[in-house]
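Notes for the one structure printed next.
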Amino acid sequence: MSNQSKTPESQDTRRDFIKATGTVAAAATFAATAAPQVHAAEDNTIQVALVGCGGRGTGAAVNALSVDNGPIKLVAMADVFPKNLERSQKNISNAFKDQEGKVDVPEERQFVDFDAYKKAMDVLRPGDVVILATPPAFRWVHFSYAIEKGLNVFMEKPVTVDGPTTVRIMELNKKAKEKNLKVAVGLMCRHCKARQELFERIQGGEIGEINMLRAYRMAGPTGTAACGPKPEGTSELMYQIANFHGFLWLSGGAVSDFLIHNIDETCWMKNDWPVKVHASGGRHYRGDDVDQNFDSYAMEYTFADGTKMYIGGRTMPGCRSEFASYAHGSKGMAVISTASHTPAKSRIYRGQVADKANLAWEFGQPEPNPYQLEWDDLIAAIREDREYNEVDRGAMASIVTSMGRMAAHTGQEITLDQMMSNKHEFAPGIDKLTLDSPAPLQAGDDGRYPIPLPGIIKKQEYLS
Amino acid sequence: MKMQRLLGSLICCSFLAAGATAADPVPPLDLPESQANSAAEMKPYEEVIEHTDATIEMLPIPGGVFTMGTPDTEQGRDDSEGPLHQVEVSPFWMGKYEITWEQYEIWGDELDTIRRRLLKSKETPRDAVVDGFTRPTEPYTDMTFGMGSGRHPAICMTQHAARTYCQWLSAKTGRYYRLPTEAEWEYACRAGTNTAYSFGDDPEMLDDYAWYGENTNDQYEPVGQKKPNPWGLYDMHGNVSEWVLDQYLPDFFKTSAKLNPLAIPKVLFPRVVRGGGWDNDPELLRSGARIASSEEWKEQDPQLPQSIWYHTDALSVGFRIVRPLTVPSEKERAEFWENTQPEQLDPPEGE
């Protein structure tokens, strides 16, 4: 993490950065004093609750507490797995062991259950921040309560997994805007300095007219996307949540969880969302795994002006791997990001050949860490009471990603309009789940779950 | 001939692969060319990785005495490269090339096991040992960083991962493989020379022998494209730096043993890589140059706690393997070759 970086260069960058945000912080303190309704806390401390204590939630909490523009502390945590919560609490405490008061989550503010999110948010005061980092299926449920409580929100991507919940979360967001809540969505690429400069350069015409975009996340098995049979004695519901990348109702599967960054940053460079997509994919190596994912996806999106965006996703071991995004224009090409999310190492080449000799521009290294920047930006907006709401953008990135997945899973061309008006909701009534509820998805007698059958099941992604 | 092979197998059997137990000896894969009882009998051979298409070419390196370190007069020299001292190393085989992705990913991705199951291949006696062997957790990202797989060198692994790969390979083949010691590495790199590089002192000639900062397109290249050193080893200079077993001690050469020296690691950082990589300047590619690993090599790791298997910022660090002619006993291995601190353990599985 950049805030723990040891290189002299990146320390400089970090220091400059703190200096820059420090100035903002001074202004922010003033703003907060002048407008106490923005943040009710008299001591100007922002309190944070973490809902969803997996790896990403824990990382987000560490980034939150690392924002250096005023007092901030973690005060409550929620998860459905006690072990997750315990481990996360330990890791976060450990990361801040030298900074007293940053982590203040005694046992009575550690909540475990499906309604734990409410209890954790009840600890907060209006204007505090809740981190929503559970599987995305629960996002709209938790967001509703956060709005009710007047909380600012950081929600992890994706924010939805199907049409109905996308429409719902955009509707909910109107209330968040009315209440002047600041809401960040964890599409951190948008906060990356390199990509921001690249965006300006592309919009300024440096690669000419964009005529093709492409992105890849092709690697071996990732996360819990491939999961084996449910162990005896484990609850069906808890097993699926623990392996949430394997089940479409929870996460949208590997496509939603892994391809969304590439799809979002590539659409960003085009400064538009595509209007339709067709796609293919298949299951070749699932073996004993019972999850619903394909192990390859190839998507061709089309924008309103006819420009194509190609997306490749693969989780097969032993194949050529690539995790990068590109934009091709009439005058040159841009590497939007290279080899993973960060550092982006964004650059522009003259012509279409990415050769050092053709390099026209590249962002200097090292880059500030966008996982930290997205938090610096959110907290600064809260302290300065600036309008700050990324939900609509996050919902669009989510549904555009789901649209590609649905095209592959049904074997049909899917338009954005069709996707938005699609009535099939993967997990209706998810807000009523309890520890004893049956899982929204049930395995057959053979222990296998329903999977997509392209060309056979066309109106929804699987029959349940 | 048949009898000889059988005898060879039996001899090798007594030198157990990592993972096997004394009560349960596992016969090595039968490769006649790989067998030798003395330095004179050592031949080049291709190690076979069962249930895959991959092999690893090994070259015999005769033991001998050499002058380790660099003279005060060498351009770009660091004080830690001295004093010059005489070191004897015992005979070993060394990988002709750096370990490539196609050889490395078999371990990480269990490609051998998957293929064996898909093709319903017959299990070998070694498979039972290998099936239970430690493999790394799934990487967080594309560990080739977009620079190519196949015959490109594997990179960005921790020293622990490189060492565990060797242990897996030992179990897989029934022959004992490990990382070279720093002394073995320098001895093999110099290949009888005492100049700055194994081809002389002139960095201008590097282009014929090495991929480095001046002639790469900001990335590594497939192994074996440049000229080898006098003993037939490729990419000892450049392409990727190579892990050795030693702790990086700046003054180690003042006190190190005369025969097969090794600085047994007691801390995670710094340890030694040798040979320089695609992003280095000529001076770090010298036969005697020592590079120290650093915590910065994990700078971008977004996980908490950080992975014991992957670096995220060591894009020009890989390794090559050796196989000593005389296989150490389990006791020797435990006390010497594998006695490394701190112990590396994966955090418990999350939910």
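The values are calculated or read from the model by the stated rules, or taken from the named source; none is laboratory data. Since we're looking at a predicted model, the values are computed, not measured. Using ideal geometry, Cβ is built from the backbone for each residue, glycine included, and neighbour counts are taken over all protein chains shown. In case anyone asks, the SASA skips ligands and DNA or RNA and just uses the protein heavy atoms, side chains included. Shrake-Rupley method; radii C 1.70, N 1.55, O 1.52, S 1.80 Å.
Data for the structure
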| quantity | calculated |
| --- | --- |
| Among B:Ala257, B:Trp278, B:Pro305 the positive-end extreme of the charge dipole of region B:199-335 (Cβ point charges) | B:Ala257 |
| In region B:254-351, trypsin sites (Lys or Arg not before Pro) in a DSSP loop with at most 13 other beta-carbon atoms within 10 Å | B:Lys258, B:Lys266 |
| Over 50 Å [Cα-Cα, the protein assembly as shown], rounded percent | 21 |
| Kirkwood Rh and Cα Rg combined as Rg/Rh, region B:107-233 | 1.04 |
| Two-decimal Rg to Rh for region A:265-336 - Kirkwood Rh, Cα set | 1.05 |
| Descending Cα extents along the principal axes, chain B, whole Å | 58, 52, 36 |
| Antiparallel DSSP beta bridges within region A:46-189, as percent of all bridges there, nearest 5 | 0 |
| Scattering curve values for region B:202-250, log₁₀ I(q)/I(0), Debye with Cα scatterers, q = 0.14, 0.22, 0.24, 0.28 Å⁻¹ | -0.40, -0.82, -0.90, -1.07 |
| In nm, spacing of pseudo-spin labels at B:Ala40 and B:Thr326 (7 Å Cα→C-beta vector) | 1.7 |
| 18 Å cut-off, amide nitrogen to a point 7 angstrom out along A:Asn211 Cα→Cβ, residues in region A:265-280 | A:270 |
| Distance (nanometres) between label positions extended 7 Å along Cα→Cβ at B:Ser90 and A:Asn180 | 7.7 |
| Along principal axes, Cα extents of region B:187-335, largest first, whole Å | 43, 42, 27 |
| Largest-first ordering by accessible area, 1.4 Å probe, given options A:Thr234, A:Thr165 | A:Thr234, A:Thr165 |
| Net charge of Cβ neighbours under 14 Å - reference A:His424; Lys, Arg +1; Asp, Glu -1 | +2 |
| Binned Cα-Cα distances of chain A, short to long, each 20 Å bin given as a whole percent | 24, 57, 18, 0 |
| Lysines with Cα under 21 Å of A:Lys356, excluding same-chain neighbours fewer than 8 positions away | A:Lys331, A:Lys345, B:Lys226 |
| When region A:46-189 is reduced to its Cα atoms, the Kirkwood hydrodynamic radius in Å | 15.0 |
| Surface per residue (accessible, 1.4 Å probe) for region A:46-189, Å² | 33 |
| Label point distance in nm, A:Ile457-B:Phe336, each placed 7 Å from Cα along Cα→Cβ | 6.2 |
| Prolate/oblate/rounded call for region A:295-380, Cα gyration tensor, a/c under 1.5 rounded | rounded |
| Stokes-Einstein translational diffusion, region A:223-320 - Kirkwood Rh over all Cα pairs, 1.002 mPa s, 20 °C, in µm²/s | 144 |
| Long-range tail of P(r) for region A:78-122 (Cα pairs > 18 Å, %) | 29 |
| Chain A - percent relative contact order, Cα under 8 Å, separation 6 or more | 19 |
| Rounded to 5, percent antiparallel among DSSP beta bridges of the protein assembly as shown | 65 |
